[in-house]
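This report concerns only the one structure given below.
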Amino acid sequence: MRKLTLLSVLIVLAVTATMSQQPKTAVTVDGAGSARLGSGTDREIRVAVTAVDSFQVLISPSIEQPLIVEASFNNVRSSDLQAQFTPTWELSGATPLALKIAVSAKVTQPGKYSLILSLRPKSQPTAPRLPLDIEQPAGDLDLPAKLTIRRTDYWPFCSTTETMPLNVRESTRSTAITNLNAAWRPDTLATGSIQVTLPTPADISKQCVSSALLNAATLPAGCELKNVGYKLDGDFPLGVVNGNLRFFGDQLTAPKALPVEIQSRLTRLWPVFAIAAGLGLSLFLKLTLAKRIELNEARVKARQLLDDIARDLARYADEKFHSDLAAKMSDLETATKGTNAATIEAKRALTEQTWRGAVNDLNTRLQVATKSNDDWQVSTASPPALPSMAQTALAAIRTKLGDALECLGNGDATGATRAIAEISAQLLQRFRDAGVTWQQAQLRLVARLRMITPPLPGLPKPVLSEFDQQLTQSPPDLNRLSPQAGATQPQDASTLTESLAVEYSVAQVLLDQLARRLEREWEDFSRDLDLIRSCLSDASQFYGIRDYYFAFLKTLPTAADDPVTVVNGLDSLRDLQSRWKAAFVANYPAGDVTEIDKLVEQQEFVQALVKLEEKVKPTTARILGDDGESSKAGRVSWPSFAALNLTPTISVVQTSPWMSIGEPGRYPSARPTPENELQRDKLTQTAIIAILLLGYIFMSSTQTYSGTWNDVWNMFLAALTADFALDSVLGKFKVKS
């Protein structure tokens, strides 16, 4: 500690000794060793000095002026700065009285300028130099506490601006401010700005009479500029925009900020417009849009009903169903083109009622027609076999039933009923007539067989009578359906079909057995003929009869299906008697042939052959049996047919689900309807309300009018909601019917 104290003392003594040994300058500055620039236009500083040791300034041949050898600003040296100061002597003879330093106008920045002067730069350049400090004092501005600007926007037409007076005063009264200017800096992202226009030098000289100006942008010390001009440039949003006007000057140590508040608002006419618009929109929603929605709702319901009916009309081809709905649909179509929602709804309700009644009626008629079609399908089911003419008539009935079934598939009860009625009125009668015609043709066949003289071999008249009896009496049902009897019901068709099938089966068996018996008879006769053929003079005639005879036998079984053709073929058998007689006579010896004729007429061909044999070869052994009787074939035993159990294949036609009409469902319509217009109106209403609510939420930040769109929206919503609220309140006091 002692060492440190001793060291400090030594340092102080050394510095004091050094200072006492510094050389003295030629002059000393009277007073403080510094000077201060004034506020006027005089940029020259006069510093009084005292000559040391009777210092005299060389004045011959010219005055030796001092020289600035070094200059610095706030202890920062600058080689360019020393040229801004020009020192000269103020002399009394050769004795210096003061130093005059001319300061350049470029020296404006406030602060301390340190100069080192060489007092005898030519005569004694190394002489001690004189330090001198020059101070440029800082200026200051006196500005309003706050600048308020009000804009009234008559959007979109024009706007007006109300401004406060802007007074700017240099407050130090000691420093003029040069290069004075102002710049706008907003606190927000506003795009507008404020342009400040300083007075002209002439205007400044009028306001600051005692001050001289350095240039047009100079505010003299202590001078106040009143009503400095400024204006808004660009767009400012509605509401309040804050910012600063920053004033700059050479003598200002920092920019001087003037707070500015720009209040932009809409004219007070806008709330009036908003109230009117709110009330107008309320009236539009209540009176116009509501009615349009009601009208289009009625049109949409009517169009949906028409579409449903149109789909039923396209699906069900019933004439009565179409005719029942045509007039109502036309009335509803006409009503939908009008503008009266009540009329449209009334027509729609009436049309819907008619439609549902027509649907129920069609459903009932379809069920009745389906039941009738099922009954006819069952009664006309194909039997095991029928004559071809009956099959053709029955096929016509089944074809018509197919038409009826197709009509039922198309929902056409009228067409199905008409087809079934045609079966009852015509086709069933044709079927019965075909059966009776076939039966009569069979009876005519028997009659024609009886008419053959002589009868066919092995076909005695009792056989034909038995055949006749079987056809006419078994089964008895067919006999009851006489040509005069009526047949209109499905059970008639069933009875006729079953009876005709049994009759046809009987005829097939009888004719087949008859053909086989006739063939066996010829075979018996042929065996006898072969025994005596060698004794006959012309046996070929008998074989010619055989060919003729067997050609007929081949057609006989087909008479069960086509008796008419067989009956017509019997015409070729009319000469059968002459053929038999010619054959016997050709081989009979001369003499009386009466006995032969009688045997031929009695169809005793074998006995006739025996007689012939006796005549032509008496010694020949008899070809008869041991009992002396001719060999004859046994008679055909006609079977007594029991009632045949015919079980035809019956296809029960059931009503398909799509053939039954219930309540028609709703289907999306592909036709153009007012539905889009209705949706647009509803969306418009919803959009309006949504926009209003969103606008109210995002813009109702204050309850006082500040001229923003928020206030306009508040007024608009207030008008709109107040109108709706009033309607709601008044609606509670309406007399209820």
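The values are calculated or read from the model by the stated rules, or taken from the named source; none is laboratory data. Model, not experiment: these values are computed from the prediction. Here the Cβ positions follow ideal geometry from the backbone for every residue, glycine too, while neighbour counts run over all protein chains shown. What goes into the accessible areas is simple: the full protein's heavy atoms, side chains included, and nothing from ligands, DNA or RNA. Shrake-Rupley method; radii C 1.70, N 1.55, O 1.52, S 1.80 Å.
Conditions tested, residue by residue: (1) of a type in the set (Ser, Thr, Tyr); (2) open to solvent by less than 60 Å² (accessible area, probe 1.4 Å); (3) farther than 30 Å from GLN109 by Cα; (4) in contact (Cβ under 8 Å) with a residue 40 or more places away in the chain.
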| site | (1), (2), (3), (4) |
| --- | --- |
| LEU245 | no, yes, no, yes |
| LEU266 | no, yes, yes, yes |
| ALA274 | no, yes, yes, yes |
| LEU295 | no, yes, yes, yes |
| LYS301 | no, no, yes, yes |
| ILE309 | no, yes, yes, yes |
| LYS320 | no, no, yes, yes |
| LEU325 | no, yes, yes, no |
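Scoring GLY243 on the criteria (1) at pLDDT below 85; (2) under 30 Å from PRO165 (Cβ atoms) leaves a single failure, condition (1).
Going by what's in this entry, would ASP235 be described as part of a loop (DSSP other than H, G, I, E, B) and open to solvent by less than 50 Å² (accessible area, probe 1.4 Å)? No, not satisfied. Considering each residue of region 276-293, count those that are surrounded by fewer than 21 Cβ atoms within 10 Å (Cβ to Cβ) and either touching a strand residue (DSSP E or B) at 6+ places or on another chain (Cβ under 7 Å) or small (Gly, Ala, Ser) (or both), and give that number. Counting residues in region 276-293 that are surrounded by fewer than 21 Cβ atoms within 10 Å (Cβ to Cβ) and either touching a strand residue (DSSP E or B) at 6+ places or on another chain (Cβ under 7 Å) or small (Gly, Ala, Ser) (or both) gives 5.
Comparison of ALA507, ALA559, ALA583 shows that the only residue that is buried (at least 20 other Cβ atoms within 10 Å of the Cβ), modelled with pLDDT of 80 or more and not in a loop (DSSP other than H, G, I, E, B) is ALA583.
When each of LEU427, LEU445 is tested for being among the hydrophobic types (A, V, I, L, M, F, W, C), modelled with pLDDT of 60 or more, part of a helix (DSSP H, G or I) and touching a Pro at 6+ places or on another chain (Cβ under 8 Å), the lone residue that passes is LEU445. Taking the conditions (1) on the phi < 0 side of the Ramachandran plot; (2) in a loop (DSSP other than H, G, I, E, B) in turn, SER159 satisfies each one other than (2).
Taken together, THR354, THR414 contain a single residue that is open to solvent by 10 Å² or more (accessible area, probe 1.4 Å), under 30 Å from ARG299 (Cα atoms) and touching a Lys or Arg at 6+ places or on another chain (Cβ under 7 Å), which is THR354.
Residues in region 369-402 that are of a type in the set (D, E, K, R) and surrounded by 15 or more Cβ atoms within 10 Å (Cβ to Cβ): ASP374, ASP375, ARG398, LYS400. Filtered by the rule that a residue be in contact with a Ser or Thr (Cβ under 9 Å, 6 or more places away or on another chain), farther than 30 Å from ASP324 by Cβ, assigned to a helix (DSSP H, G or I) and not hydroxyl-bearing (Ser, Thr, Tyr), region 369-396 gives VAL378, MET389, ALA390, GLN391, LEU394. Determine if region 93-115 includes at least one residue that is in a strand (DSSP E or B), more than 16 Å from ILE59 (Cβ to Cβ) and free of Cβ contacts under 8 Å to residues at least 24 places away in the same chain. Checking region 93-115: not a single residue is in a strand (DSSP E or B), more than 16 Å from ILE59 (Cβ to Cβ) and free of Cβ contacts under 8 Å to residues at least 24 places away in the same chain. Consider GLN607 carefully, then state whether it is modelled with pLDDT of 70 or more, over 60 Å from the mean Cα position of the chain (by Cα) and over 21 Å from ASP538 (Cα atoms). No.
Could you tell me whether any residue of region 518-536 is modelled with pLDDT under 80, open to solvent by 10 Å² or more (accessible area, probe 1.4 Å), out of contact with any Ser or Thr (no Cβ under 6 Å at 6 or more places or on another chain) and part of a loop (DSSP other than H, G, I, E, B)? Checking region 518-536: at least one residue is modelled with pLDDT under 80, open to solvent by 10 Å² or more (accessible area, probe 1.4 Å), out of contact with any Ser or Thr (no Cβ under 6 Å at 6 or more places or on another chain) and part of a loop (DSSP other than H, G, I, E, B).
A single entry from LEU405, LEU366 fulfils the requirement of being open to solvent by 30 Å² or more (accessible area, probe 1.4 Å), assigned to a helix (DSSP H, G or I), modelled with pLDDT of 85 or more and under 22 Å from TYR316 (Cβ atoms): LEU405.
Screening LEU496 on (1) under 24 Å from TRP580 (Cα atoms); (2) surrounded by 15 or more Cβ atoms within 10 Å (Cβ to Cβ) shows it passes everything except condition (1). Applying the condition of being at pLDDT below 85 and surrounded by 13 or more Cβ atoms within 10 Å (Cβ to Cβ) to region 37-54 and asking which residue is nearest to SER114 (Cα to Cα) yields LEU37. Applying the selection to region 248-264, what residues are aliphatic (A, V, I, L, M), touching a Lys or Arg at 6+ places or on another chain (Cβ under 9 Å) and open to solvent by 10 Å² or more (accessible area, probe 1.4 Å)? The one that is aliphatic (A, V, I, L, M), touching a Lys or Arg at 6+ places or on another chain (Cβ under 9 Å) and open to solvent by 10 Å² or more (accessible area, probe 1.4 Å): ALA257.
Is it true that some residue in region 71-83 is loosely packed, with under 13 Cβ neighbours inside 10 Å, farther than 30 Å from PRO220 by Cα and among the hydrophobic types (A, V, I, L, M, F, W, C)? No, every residue in region 71-83 fails to be loosely packed, with under 13 Cβ neighbours inside 10 Å, farther than 30 Å from PRO220 by Cα and among the hydrophobic types (A, V, I, L, M, F, W, C). Looking only at residues of region 120-151 that are under 60 Å from the mean Cα position of the chain (by Cα) and surrounded by fewer than 16 Cβ atoms within 10 Å (Cβ to Cβ), we find that the one that is nearest to SER174 (Cα to Cα) is THR148.
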